[in-house]
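Here's the structure, in structure tokens; my notes come after.
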Amino acid sequence: MKIKLNNLTIVTSSGLFKKNLLIEKGIIKQVSDKPIYAKFVDVAIDDKDLLVFPGFFDMHVHLREPGFEYREDIESGMKAAVNGGITGIACMANTNPVNDNAVITHFIKCRAEQTELPVSVYPVAAITKGLKGEQIVEMGDLKNAGAVAFSDDGSAVENSEILRRALEYAKSFDMPIICHSEEKSLSKDGQVNEGIISIKLGLKGIPRESEIIGIFRDITLAKLTKSRVHIAHVSTEEGVDLIRKAKRAGIYVTCETCPHYFHLTEEEVLGYNTFAKVNPPLRTYKDVLAIREGLRDGTIDVIASDHAPHHIDEKDIEFEKANFGMIGLETLLPLTLELVRQGVIDFKDLAEKLSRKPRQILGINPPVIKEGEEANLTIVDPNYKWVLTKESICSKSFNTPFLGKTMKGKAIYIIKGGQFFEINK
Amino acid sequence: MAEKIKWVHKDFISLDNLSKEEILYVLDVASSFEEVLKRDVKKVPTLRGKSVLTLFYEPSTRTRTSFEMAAKILSADTINVSVSTSSVSKGETLLDTIKNIEAMSVDVVVIRHSCSGVPEFLAKKTKASIINAGDGRHEHPTQALLDMLTIKAFKNTLQGLKIAIVGDILHSRVARSNLIGLKKLGNEVRFVGPATFIPECFKELGAEIYYSLEEGIYDADVVMVLRLQKERMGAGFYPSEREYARFFSINKKTMHYAKKDAIFMHPGPVNRGLEITSDVLNDKRCVVLNQVTKGVAVRMAVLYLLLTGGKSEN
Amino acid sequence: MSRNMKELIIIDEKTFPRVVNRIAHEIMEKNPNLEDLVLIGIKKGGSLLKERIKEAIKKQEGVDLITGDIDITMYRDDIFKIGFQPKVETTEIPCSLDNKNVVLIDDVLYTGRTVRAAIDALFDFGRPKRIQLAVFIDRGHRELPIQADFVGKFLPTSKKEIVVVMFKEEDGKDCVVLREKNGRKNKMGS
């Protein structure tokens, strides 16, 4: 497969470059200032409006297989990733059975490889057996089987002593721990953010202090154990602030946020919209502003989707009974591009937060656009307008509050593993 | 000559989406229906041929009977379904239940459910008119209307009054509906109770918050007492019934903090001796039984407005 | 006398009370025993007329007749078809109608449906010995076999016209006018 890309703009964490690329058998053969005149190529793209990024990486995805295949499975999740221009994903352990042993980790990797789709799947194993928060897993064995991090995401590790020991043990294998930060006794039975909206709708609220206390505890234990902690789905202003202060104090902590936390507020649930029901819940406008500021000043390292597919029968019911979560693989890119358009971050921040940094945190070599390197590229048309409809969604589920909305920006090609993929629609 | 007023809502779910004029209109219609309840022959043929289904996921004899009576007086047919927990655990979802009901061509569904938002959810899914008889902690609009009708009967006005609602506001849909309705009509509404029962956010909805009973009901025209639910003690909302009764009970002594001619109300059922004592219940200023009569009239008005009108043949 | 919005005055202010008096006399003539007589007005137009007739009888005989008012909204036969909700007024019947001699009073008799509804309503208040009907204007176009015992004036009309009986208390002056219908909905064809 011989591919030439002329006049496109290359975007990496270091900047934007007008370079022309020649890719052959999956390797970047040429990176040139002058247009490439190679003959007999299989694919030739010449378009100054397109952007080339190192393949995007979503480090927070729920693939639901094994156990919940009616919501999503590894193959459909990977198809959704491709549709979103994502070439690498880290998938969480709250499957059934839980991914707390090497056999499941191995299964996930094999299943992913069988699909032959241009997405690398990296399993995140559980911190505790069965996600029960009691006994830590065989971290060494899991690392050998291919796990890239540990997380009980879906729940928090309630017992601080257990989390402390888990952090220390993980450190000895140089593995990061992804913390779902929540003080469960405060948030128990809560449905939406605690505040005026929860009062208006007559629903039990989840106080912001549940996340704040959770983040403070997790950062403090990170400091104590000197291990690598990554805070998942930050949603509050105070949470961002705690992480900012911790970083300044030299504590190794990284964090991520999701597009719904920098675009939507708690008002989205008005009318009892279960598609907007998520944990952590959508918060207030001042939190949206604080998240954006955190992205702008670098406090927030990564943008991930927390892709959480649920079947319509689990959402089209009484609000209190509906499951928490929304899909996000296919909207991660356009919603982040929106931030660039609004001047909150620039294109190289996007490349950093959606491509390089998540891989770096998980110890995966990020794709480099250099002669001799493997080609792992996402080509984006930032101006392409499309509507998010049920038909256009590749995931098995369609639980997203953005359903029906017009998106601007789409990944149109993926170049990976020696192949060229044209993304449909 | 009859005035033409068009009721535009298909359902009756919350007072939040009604205007002040619409609320006053429903109360007006309810007053007219009160007269029917005084007749010997308590039946008019108005809704003959229409069917009303009461679907109660939470038990309630009082409200359900009230709706049933209202429908029957208007000559509508009624069907009662009490959903016991066992049938719910058999797995029939809300959606399946409502679809089955629609297949029976019912005109109105009166629903009470423990989850907030259920009436709104159902209203979008069915052509039948949905009446909210209480959803979780969200609203209980017909209760608030009958409370307002009662207040109007004794105070001759629904404007400029000082109304104090005492008790577990946080978990009370009656308190919410009353707050919304009474504020729309231009009254001062106070929430009185321990801070655990009254989140600050209620100030944004217009309520004044008091943690002292004496200050809270001082000079009030109307005192509404809410039922104390014993489960809340286990969850840490109050330490003991003894303490609650000592500080927040409406009794022979505390009732005098309010105006001399204040009226006392309670949506029922009552914990005698706890949030309210027998002295108060037997006092002529306590209008709890009047609330019950007006309840039927209000529900007749709601049924009338939802079911009549229809498409013009002209 | 004026023509307003294609309006024709049928009975003017001077003639109005004379017609009322005549109806009252006819009622007294046909019902010599005033003790069990009850006048019931059909709201709203009939109620005002009932008051006038009551006054006229009082003036003549010095007797204060028992009167009441009936609102027929809850008994209409077209409640699901008219496209709006008529305002429900209160019905006030001060006594049981068992064995009473009832004179039902309305301002305009048209299709007869209002009177049918009123008779149904009356039966919910007892079993009257007799019901008679007094109307100010009978404009024809009956759709039911109903007729008035006492009529102020017979007025042949077309369906495109409406008859309005106006009273000093409500409308400023006593008179009866004939207007062209302008497409607005009005009370159930009476």
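The values are calculated or read from the model by the stated rules, or taken from the named source; none is laboratory data. Just so it is clear, the model here is predicted, and its values are computed rather than measured. Cβ placement follows ideal geometry from the backbone for every residue including glycine, while neighbour counts extend to all protein chains displayed.
Results, tabulated for the structure shown:
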quantity: Hits in the range A:199-219 (condition: part of a helix (DSSP H, G or I) and more than 8 Å from chain B (Cβ to nearest Cβ)); calculated: A:208, A:209, A:210, A:211, A:212, A:213, A:214, A:215, A:216, A:217, A:218, A:219
quantity: Residue that is surrounded by the fewest Cβ atoms within 10 Å (Cβ to Cβ) [pool: residues in the range A:64-80 that are touching a residue at least 60 places away in the same chain (Cβ under 8 Å) and not acidic (Asp, Glu)]; calculated: A:70
quantity: Failed item, numbered, when residue A:301 is tested on (1) touching a strand residue (DSSP E or B) at 6+ places or on another chain (Cβ under 6 Å); (2) not assigned by TED's automatic domain parsing to the domain that holds residue A:120; calculated: (2)
quantity: Per-region count, the range A:315-334, residues more than 30 Å from residue B:114 (Cβ to Cβ), in contact with a Gly (Cβ under 8 Å, 6 or more places away or on another chain) and not β-branched (Val, Ile, Thr); calculated: 5
quantity: Helices (runs of 4 or more DSSP H) (entirely within the range B:214-314) containing at least 2 residues that are under 20 Å from the mean Cα position of the chain (by Cα) and modelled with pLDDT under 90; calculated: B:288-307
quantity: Qualifying residue in the range B:227-246 (condition: more than 14 Å from chain C (Cβ to nearest Cβ), closer than 16 Å to residue B:163 by Cβ and in contact with a His (Cβ under 9 Å, 6 or more places away or on another chain)); calculated: no
quantity: In the range B:168-196, the residues that are over 16 Å from the mean Cα position of the chain (by Cα) and within 21 Å of residue B:241 (Cβ to Cβ); calculated: B:191, B:192, B:193, B:194, B:195, B:196
quantity: Residue within the range C:21-28 that is closer than 29 Å to residue B:28 by Cα, at pLDDT 95 or above and surrounded by 18 or more Cβ atoms within 10 Å (Cβ to Cβ) present; calculated: no
quantity: Single residue of B:293, B:277, B:308 found to be out of contact with any helix residue (DSSP H, G or I) (no Cβ under 6 Å at 6 or more places or on another chain), within 14 Å of chain C (Cβ to nearest Cβ) and in contact (Cβ under 8 Å) with a residue 24 or more places away in the chain; calculated: B:308
quantity: Residue, surrounded by the most Cβ atoms within 10 Å (Cβ to Cβ), within the range A:106-153, restricted to residues that are more than 25 Å from residue A:418 (Cβ to Cβ) and basic (Lys, Arg); calculated: A:143
quantity: Residue list for the range C:74-93, filter: facing another protein chain (nearest Cβ under 7 Å) and outside any loop (DSSP other than H, G, I, E, B); calculated: C:74, C:75, C:85, C:86
quantity: Residues that are of a type in the set (Gly, Ala, Ser) and within 16 Å of residue A:375 (Cα to Cα), drawn from the range A:1-44; calculated: A:26, A:32, A:44
quantity: Qualifying position, being under 24 Å from residue B:121 (Cβ atoms), within 18 Å of the chain's Cα centre (by Cα) and in contact (Cβ under 8 Å) with a residue 12 or more places away in the chain, among B:106, B:52, B:110, B:83; calculated: B:110
quantity: Candidates B:57, B:25, filtered to the one that is within 13 Å of another protein chain (Cβ to nearest Cβ) and within 24 Å of residue B:137 (Cβ to Cβ); calculated: B:57
quantity: Residue in the range A:261-285 that is nearest to the other protein chains (Cβ to nearest Cβ), counting only those that are farther than 21 Å from residue A:317 by Cβ and in contact (Cβ under 8 Å) with a residue 40 or more places away in the chain; calculated: A:284
quantity: Long-range neighbours under 8 Å by Cβ, at least six apart or interchain, first residue on the phi < 0 side of the Ramachandran plot within the range A:97-108, second of a type in the set (Ser, Thr, Tyr); calculated: A:99/A:105; A:100/A:128; A:104/A:95
quantity: Subset tally (residues that are buried (at least 18 other Cβ atoms within 10 Å of the Cβ) and either among the small types (Gly, Ala, Ser) or closer than 16 Å to residue C:89 by Cβ (or both)) for the range B:10-30; calculated: 6
quantity: Residue count, the range C:52-65 (criterion: surrounded by 17 or more Cβ atoms within 10 Å (Cβ to Cβ) and either in contact with a helix residue (DSSP H, G or I) (Cβ under 7 Å, 6 or more places away or on another chain) or in a strand (DSSP E or B) (or both)); calculated: 5
quantity: Within the range A:218-243, tally of residues that are surrounded by fewer than 18 Cβ atoms within 10 Å (Cβ to Cβ) and touching a residue at least 24 places away in the same chain (Cβ under 8 Å); calculated: 5
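Listed here are the residues, each with its yes/no results for (1) in contact with a Gly (Cβ under 7 Å, 6 or more places away or on another chain); (2) at pLDDT 95 or above; (3) not assigned by TED's automatic domain parsing to the domain that holds residue B:71.
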| position | (1), (2), (3) |
| --- | --- |
| B:110 | no, yes, no |
| B:116 | yes, yes, no |
| B:127 | no, no, no |
| B:132 | no, yes, no |
| B:148 | yes, yes, yes |
| B:176 | yes, yes, yes |
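Residues checked against (1) under 19 Å from residue A:226 (Cβ atoms); (2) assigned by TED's automatic domain parsing to the domain that holds residue A:278; (3) part of a loop (DSSP other than H, G, I, E, B); (4) of a type in the set (D, E, K, R):
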residue	(1), (2), (3), (4)
A:154	no, yes, yes, no
A:158	no, yes, yes, yes
A:161	yes, yes, no, yes
A:167	yes, yes, no, no
A:171	yes, yes, no, yes
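Yes/no matrix, rows are residues, columns are (1) assigned to a loop (DSSP other than H, G, I, E, B); (2) closer than 22 Å to residue A:385 by Cα:
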residue: A:272; (1), (2): yes, no
residue: A:279; (1), (2): yes, no
residue: A:283; (1), (2): yes, no
residue: A:291; (1), (2): no, no
residue: A:298; (1), (2): yes, no
residue: A:320; (1), (2): no, no
residue: A:328; (1), (2): yes, yes
residue: A:335; (1), (2): no, yes
residue: A:338; (1), (2): no, yes
